Amino acid sequence: MVVYLKDFLLNIFLIFSPLVFYPYIKRAQNNIILYKSFLYLFFALAIITTMFFPISVNGLTYDLRSIPLVVGSLYGGPVVSLLLFGTLVLCRFLLGNAHQWFYIVSILPTVFVVLLAVRSFSHLKLYQKMLVAVMLCTFMKLIIFISFLAYTQSLHLFTDNLLENIRTYLIQGIIIALYVYLIELVNRYFRLEEEVFKGEKARIVSDMAASVAHEIRNPLTAVKGFIQLLADPDIHEEKRRFFQKICLDELNRAERIISDYLSIAKPDLEIVERMNLNEEISQISSILVTYANYNNVQIDLILSQDDEVYMMGDKYKFRQALINIGKNAIEAMHNGGLLEIKVSKENGWASITISDTGVGMTTSQINRLGTPYYSTKEKGTGLGTMVSFQIIKKMQGKIDITSKLGKGTQFILRFPSV
């Protein structure tokens, strides 16, 4: 056994060489012609190289060509199988081996058995695939070898060294079983990768649906509140027109949100313009006031004394982001409280500070803010905050969050001033 161990190891190296390239071949499986061409090429090379480096055991010459032949046939299908058998016969002819026509006749039963196995191989379980591969490989060697020795009247070479021959077949069976197991391991990885990819696409669709619902709820809540105020018969006409304008603005914002999510593949800002931050924050405060009153929250608005606080951005998306943050701050004050919104200008930055007196957050909660499906609210999705953070960052804004449990949370948003 020690004498021909090095020859066995060389054969093993040669037959396992296609396995190195198999993950790359597998990625071409959508192009069936290219995929099968690669399979044939690599397994044919393995067959040819093993035939050039045979193993001599007590007067008998072996090689492990049957392993790449069987494995390539089972995973390549009927066409690849026939091509591999053809390559085997051609290579044997080029090597000048004797009794070529008898070899072709003796190999025909193996061809039919392999083609029959190929039809149902892909539907088998792992252990069944390993067992089928071992049986086919053993059957092929026995039929061809015994038939050839009987024809040449050398059958005693097989029976005289029966124990050694059985050991050789056992080693061959272990190798092909391991080969099939490793291929199935790679196939399983690709199946899992595909399932993860499909699951990710389904999750994105789910995220979008939940996010749309979340975003549209904000303007609809404001419209609902102002419509209730408009029902008051004693309301001043100027206020009525103001409330109507806000309702229309919020309905337009809802329409834009729907358009944004229908074209989610376009994350860039659409209308970048110069915005007066005092005016924008006043508008946002007016939208939030009805929701704040409903939750027994007072809004304290502190505008900058410097009227020249300007920034560049998409004002509709800017409102969407800040209304989300303000609404979350209001919801964090379960028993009422104070929401302070402050505008300032410092060192070339336009700053907006949003402070609440709510339940507060831990450091780990702050770090997870802005990720999908994470929310400190019982029925929250976290998608509104995620969209808000993305909008702020698109406007080259910076977000600083500080919070203490039971004390409240402070958001400081900084944008380049223009």
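Exactly one residue out of LEU192, LEU229 is farther than 25 Å from ASN324 by Cβ and either of a type in the set (Phe, Trp, Tyr) or at pLDDT 80 or above (or both): that is LEU192.
Which residues, taken from the range 308-319, are surrounded by fewer than 23 Cβ atoms within 10 Å (Cβ to Cβ) and not in a helix (DSSP H, G or I)? Result: GLU308, TYR310, MET312, ASP314. Selection of first residues in the range 187-202 that are within 17 Å of ILE25 (Cα to Cα) and of second residues that are at pLDDT 80 or above and part of a helix (DSSP H, G or I), restricted to Cβ pairs under 7 Å at least 6 apart or on distinct chains, gives the following pairs, ordered by first then second residue: PHE190/LYS26. Scan the range 20-39 and report the pairs whose first residue is assigned by TED's automatic domain parsing to the domain that holds LEU182 and whose second residue is crowded, with 17+ Cβ neighbours inside 10 Å and of a type in the set (Val, Ile, Thr), with Cβ atoms within less than 6 Å and a gap of 6+ or a chain change. Within 6 Å, the pairs are LYS36/VAL80; PHE38/ILE25; LEU39/VAL80. Selection of the range 284-307 for residues being out of contact with any strand residue (DSSP E or B) (no Cβ under 6 Å at 6 or more places or on another chain), in contact (Cβ under 8 Å) with a residue 24 or more places away in the chain and assigned to a loop (DSSP other than H, G, I, E, B) yields ASN295, ASN296, ASP307.
Conditions tested, residue by residue: (1) within 45 Å of the chain's Cα centre (by Cα); (2) touching a residue at least 60 places away in the same chain (Cβ under 8 Å); (3) outside the structural domain of ARG167 (by TED's automatic domain parsing); (4) surrounded by 18 or more Cβ atoms within 10 Å (Cβ to Cβ).
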residue	(1), (2), (3), (4)
VAL80	yes, no, no, yes
GLY86	yes, no, no, no
LEU94	no, no, no, no
LEU126	yes, no, no, no
ILE143	no, no, no, no
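Here the condition is being under 23 Å from VAL134 (Cα atoms) and modelled with pLDDT of 90 or more; of LEU88, LEU9, LEU74, LEU64, it holds for LEU74 alone. Scanning the range 320-342 for residues that are more than 18 Å from ALA222 (Cα to Cα) and assigned to a helix (DSSP H, G or I) turns up nothing.
Taking first residues from the range 388-409 that are modelled with pLDDT under 90 and partners that are among the charged types (D, E, K, R), the Cβ contacts under 6 Å between residues at least 6 apart in sequence or on separate chains come to ILE391/LYS317.
From the list LYS245, LYS317, LYS266, the one residue that fits, being over 16 Å from ILE391 (Cα atoms) and either at pLDDT below 90 or touching a Ser or Thr at 6+ places or on another chain (Cβ under 7 Å) (or both), is LYS245. Could you list all residues from the range 216-239 that are among the aliphatic types (A, V, I, L, M) and either free of Cβ contacts under 8 Å to residues at least 40 places away in the same chain or loosely packed, with under 12 Cβ neighbours inside 10 Å (or both)? Within the range 216-239, LEU220, VAL223, ILE227, LEU230, ALA231, ILE235 meet the criteria.
The values are calculated or read from the model by the stated rules, or taken from the named source; none is laboratory data. Just so it is clear, the model here is predicted, and its values are computed rather than measured. No Cβ is skipped: glycine too gets one built from the backbone with ideal geometry, and neighbour counts run over all protein chains shown.
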